[in-house]
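Heads up, the thing below is written out as structure tokens.
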DNA sequence: CAAGAGATCATCT
DNA sequence: GATGATCTCTTGA
């Protein structure tokens, strides 16, 4: 398991998106856990990426970039490997990674992750929590950022270094036959781009947001 | 089970 | 002033 370098993201978005499946989103939970077990204070939590969407170029009517460069989306036009977090619907943060060469606006939205197995030694530790009242809580872009505590503080930071407490590591290679390619969620307004099969998920995985 | 509404506010026009 | 890369809850068949 090694951290994915910037060069991984500096490739065509559709490829990066699919290659991210099976990789691990790793977070170093930050400071606010004074009350939790001190023995785990410095531990990381590894979530397997199981569902993503690609937003590809200026022409993609579903992409923020389609209406040109703005204060919010300008990071999509920059170099690859930067974290793009935006706030939507008045209550959710969306986690994206900028992809592709500089000046080509593109990004991958992380839509669902699979939590690590519950910690046997400390089953009540929050970082090992995978469900709430029986429901999966990392199967949706707005839900997973809430669980991981990802907000605007991460916007604009590189995901290819560990320094900021959030990075991605390589994982198991997912065979192409195991990758489902289908339409993106919530982009009915996007004209012909509505029908692009730019949402990818691991076939049969129980932690995806939708089939 | 599916469809519809409401929450709630930063960003864009 | 309108909307959205969402989610949860309610309604009704």
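Here the range A:48-69 is scanned for amide nitrogen atoms under 15 Å from the site 7 Å beyond the Cα of residue A:206 along Cα-to-Cβ, giving A:48. Each stretch of four or more DSSP H residues adds -39500 (n - 2.57); spread over every residue of chain A, this sum gives -2500 deg cm²/dmol at 222 nm. Rounded to 0.05, the FRET efficiency of the residue A:161 and residue A:15 pair, given R0 = 25 Å and the Cβ-Cβ distance, is 0.70.
At full extension, residue A:87 and residue A:1 could sit 27.8 nm farther apart than now, given 0.36 nm per residue minus the alpha carbon distance.
As a footprinting exposure proxy, order A:45, A:16, A:85 by other Cβ within 10 Å, with the fewest listed first.
Numbers: A:45 21, A:16 24, A:85 18.
Ranking A:45, A:16, A:85 by Cβ neighbours within 10 Å, fewest first, gives A:85, A:45, A:16.
Working ranking of peptides A:88-94, A:153-159, A:203-209 by packing, defined as the average number of other Cβ atoms within 10 Å per residue, highest first, is A:153-159, A:203-209, A:88-94.
No value in this document is a laboratory result; all are computed from the given coordinates. For clarity, every value in this text was computed on a predicted model and none was experimentally measured. Cβ atoms come from the backbone with ideal geometry, glycine included; neighbour counts cover every protein chain shown.
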